[in-house]
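Remarks on the structure that follows.
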Amino acid sequence: MCGSASLWGVVVAAGSGERYGDRKQFVALAGRLVVERACDVFPSDAVIGVVVALPSDPPLLRLPGHAVTVTGGATRRASVRAALGRIPRTADLVAVHDAARPLATPALLFRLLAALHADPGAAGAVPVVPVTDALKRREGSALRSVDRSPLVITQTPQLFRADLLRRAHAEAPEGMPGFDDAEVVEAIGGRVLAVDGDLDNRKLTHPGDLSWLAASCL
Ligand code: CTP
Ligand code: MG
């Protein structure tokens, strides 16, 4: 699918889980840790993984072949940067995945690989799903409706050419939120492809998300 290109997987798991109220990536979900399930998106031993966690975190049990653990940073962007520091310059592609997304599938990663392979000028490929709720902008106490038709929600894994992702994390303005890596790559002018995501690939964000995710694991 990606020819002979070497692919590295990064699972970012150093967040504090403020909205969840706990380090949600280490919660058990149908018998396995959420972060362990997230690692399943990288299907084979050919993929070498970097898991970004904190030194005090519990040891991870079933990681993909050859995975190494590095210490994350105060922001998601800093955590990705820490991972990039462990990835050799010979890497061709890097896929960054949230530890808090336990239901992402290898099939989704293959779709990203196929899209990027088909477009050599693109910097990366990112899964998206449509916005289904009505959107409004708050203007004081009033609401103004927003056209949702061109808008999408991004997910992970997000796949990038390794050199561009490295340059983006080095050169993009420090102040930008960096909610995802696509934002960081766009900031240096990289063109990121939209690929159909999966509605099931939801992120564990609030405690109420856990029961939905657990039901989807059965
Ligand atoms: N993450 C990380 N390092 C950080 C912040 C976030 O590795 N400093 C990771 C989280 O562990 C998670 C992913 O980035 O797997 C997506 O972030 P999010 O859902 O926002 O998780 P948290 O930042 O932990 O949650 P919150 O924003 O509610 O504190
Ligand atoms: Mg966060």
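All of the numbers you see were taken from the coordinates with simple rules; none came from a lab. Here the structure is a predicted model, which means the values were calculated and not measured. FYI the Cβ positions are ideal-geometry reconstructions off the backbone, even for glycines, and counts take in every protein chain you see.
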Original post:
Taking θ as phi - 60°, what are the ³J(HN,Hα) couplings along region 163-180 by the Karplus curve (6.51, -1.76, 1.60), each to the nearest whole Hz, with x for Gly and Pro?
Top reply: 5, 6, 5, 4, 5, 4, 5, 7, 9, 5, x, 5, x, 5, x, x, 4, 9
Original post:
Which percent, nearest 5, of DSSP beta bridges in the chain are antiparallel?
Top reply: 45
Subject >> Calculated from backbone phi, Karplus (6.51, -1.76, 1.60) coupling profile of region 203-218 in Hz, x at Gly/Pro >> reply: 8, 6, 10, 10, x, x, 6, 5, 5, 5, 5, 5, 5, 6, 7, 6
**OP:** Go through Q158, G140, A170 and say which Cα lies farthest out towards the positive end of the charge dipole of region 137-192; charges sit on Cβ, +1 for Lys and Arg, -1 for Asp and Glu.
**Re:** G140
Subject >> Computed magnitude of the charge dipole of the chain (debye, nearest 20; Cβ of K, R +1, Cβ of D, E -1) >> reply: 260
**OP:** Please compute the Cα-Cα pair-distance distribution of the chain with 5 Å bins starting at 0, giving whole percents from short to long.
**Re:** 1, 7, 15, 19, 20, 17, 11, 6, 3, 1, 0, 0
Original post:
Using the per-residue mean of other Cβ atoms lying within 10 Å as a proxy for protection, in what order, highest first, do the peptides 49-55, 155-161, 36-42, 129-135 fall?
Top reply: 155-161, 36-42, 49-55, 129-135
**OP:** Would you grab the residues whose amide H sits under 5 Å from the one on V70? Only those 5+ places off in sequence or on another chain, please, with H modelled 1.01 Å from N.
**Re:** V51, V52, A53
